[in-house]
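Participant: Have a look at this one.
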Amino acid sequence: MDMAYKTKLKDRKAIKFTKSKRFRLVLQIFLVLIITFNVGNVLWNSRDRYFSTDYWQRFPVLMKTYLNSQYVNKHPKGWIPDETVNAYAGGKYIKGENPVLIAADTPPLGRYLIGLSALAFGNENIVILFSAVLSLILMYILGRQIFASGVLSLIPPLLFSFEPIFKNQLIYTPLLDIIQLVFLLASFILFNRSLSSKTSYMYLLSANIVLGCFIATKFFITGLTIIGAFYLVLLVKKDKNRLLELTLTFP
């Protein structure tokens, strides 16, 4: 009798576990569909930006707009937003222009990627689309490093997909923030991986390289806070070996 009762109990637990697993899977798929809808809806409403291949035909107009703007003239004929500057600078950089000569207030890496997008696709905004999708994926991976549940890991990218600040990166393009976010999230993931890996040196080296890309994309001062955070984590953990490795890989 005891054996039969224990067997039934195990079967019930197995059934409950299976149902719970299926429910979590269905919930994850549902959350992914919501995220996909949020991104897809913005892309559809801005489809002209992403399906055109006429960047180089528009390039002379971008040049003329830039040369008449506040970046060149003390008394400009017109004011241009950041996305226009980035679009023009990306094309000039990829053609070999010295970045110091064009809107040198921002590091050049993000604009080089915009120029590479224009060169490869005839559209400066494709890199922004890739960056937006990749940032959501990396946010999920970072969540998996923190949470045991796949459902909980999907909550940050789900909430982020509703954020106007995220949607605006897809509407007012190309901006540098979403590119920088990819490097930031990647550096966090690699740094976290170094904390649990026996080969922490390679992960810290990779984290610092990606962090360098983060710094080289936009205003560099923000990178100092990330560097400080890395050191603070290792100081709190009193991890002398990884502190040394972080310092050696930092340059």
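Participant: Only one of Leu195, Leu181, Leu234, Leu170 is at negative phi and in contact (Cβ under 8 Å) with a residue 60 or more places away in the chain. Can you tell me which?
Facilitator: Step by step, each of Leu195, Leu181, Leu234, Leu170 is checked, and only Leu170 is at negative phi and in contact (Cβ under 8 Å) with a residue 60 or more places away in the chain.
Participant: Here's another thing I want to ask about it. So which residues in the range 210-231 are touching a residue at least 40 places away in the same chain (Cβ under 8 Å) and among the hydrophobic types (A, V, I, L, M, F, W, C)?
Facilitator: Correct list: Cys213, Ile215, Ala216, Phe219, Phe220, Ile226.
Participant: I'd like to know if the range 59-72 contains one or more residues that are of a type in the set (Lys, Arg), out of contact with any Leu (no Cβ under 9 Å at 6 or more places or on another chain) and outside any helix (DSSP H, G or I).
Facilitator: No, because not a single residue in the range 59-72 is of a type in the set (Lys, Arg), out of contact with any Leu (no Cβ under 9 Å at 6 or more places or on another chain) and outside any helix (DSSP H, G or I).
Participant: For the range 200-213, does any single residue satisfy the condition of being of a type outside the set (Lys, Arg) and not in a helix (DSSP H, G or I)?
Facilitator: no
Participant: A further question on this structure: Among the residues of the range 218-225, is there at least one that is within 30 Å of Ile80 (Cβ to Cβ), open to solvent by less than 90 Å² (accessible area, probe 1.4 Å), in a loop (DSSP other than H, G, I, E, B) and at pLDDT below 95?
Facilitator: Among the residues of the range 218-225, at least one is within 30 Å of Ile80 (Cβ to Cβ), open to solvent by less than 90 Å² (accessible area, probe 1.4 Å), in a loop (DSSP other than H, G, I, E, B) and at pLDDT below 95, which makes the answer yes.
Participant: OK, next. Looking at (1) within 19 Å of Arg193 (Cβ to Cβ); (2) modelled with pLDDT under 95, which is the one condition that is false for Leu142?
Facilitator: Answer for Leu142: the failing condition is (2).
Participant: Please state which one of Ile165, Ile189 is β-branched (Val, Ile, Thr), over 19 Å from Pro251 (Cα atoms) and open to solvent by 60 Å² or more (accessible area, probe 1.4 Å).
Facilitator: Step by step, each of Ile165, Ile189 is checked, and only Ile165 is β-branched (Val, Ile, Thr), over 19 Å from Pro251 (Cα atoms) and open to solvent by 60 Å² or more (accessible area, probe 1.4 Å).
Participant: Given Trp79, Trp44, which one is open to solvent by 40 Å² or more (accessible area, probe 1.4 Å) and more than 26 Å from Thr217 (Cα to Cα)?
Facilitator: The conditions single out Trp44.
Participant: Also, I was wondering about something else. Do we find that Ala89 is open to solvent by less than 70 Å² (accessible area, probe 1.4 Å), of a type outside the set (Lys, Arg) and without any contact (Cβ under 8 Å) to a residue 40 or more places away in the chain in this structure?
Facilitator: yes
So that you can scan it fast, the table gives a plain yes or no per residue for (1) under 26 Å from Lys167 (Cβ atoms); (2) surrounded by fewer than 20 Cβ atoms within 10 Å (Cβ to Cβ):
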residue: Phe51; (1), (2): yes, yes
residue: Pro60; (1), (2): no, yes
residue: Val85; (1), (2): yes, no
residue: Pro99; (1), (2): no, yes
residue: Ala104; (1), (2): no, yes
residue: Gly110; (1), (2): yes, no
residue: Gly115; (1), (2): yes, no
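Participant: Can you run down the residue pairs with Cβ atoms below 6 Å, 6 or more apart or on separate chains, where the first is in the range 71-83 and in contact (Cβ under 8 Å) with a residue 60 or more places away in the chain and within 23 Å of Ala118 (Cα to Cα) and the partner is polar (S, T, N, Q) and open to solvent by less than 40 Å² (accessible area, probe 1.4 Å)?
Facilitator: Partner pairs satisfying both residue conditions: Glu83/Thr173.
Participant: Let me ask you something else. Checking the condition within 30 Å of Leu62 (Cβ to Cβ) and open to solvent by 20 Å² or more (accessible area, probe 1.4 Å), which residue from Leu176, Leu243, Leu184, Leu232 passes?
Facilitator: On inspection, the qualifying residue turns out to be Leu184.
The values are calculated or read from the model by the stated rules, or taken from the named source; none is laboratory data. This one's a predicted model, so the numbers in the text were calculated from it and none came from an experiment. FYI the Cβ positions are ideal-geometry reconstructions off the backbone, even for glycines, and counts take in every protein chain you see. Keep in mind that these areas ignore ligands, DNA and RNA; they rest on the heavy atoms of the full protein, side chains included. Shrake-Rupley method; radii C 1.70, N 1.55, O 1.52, S 1.80 Å.
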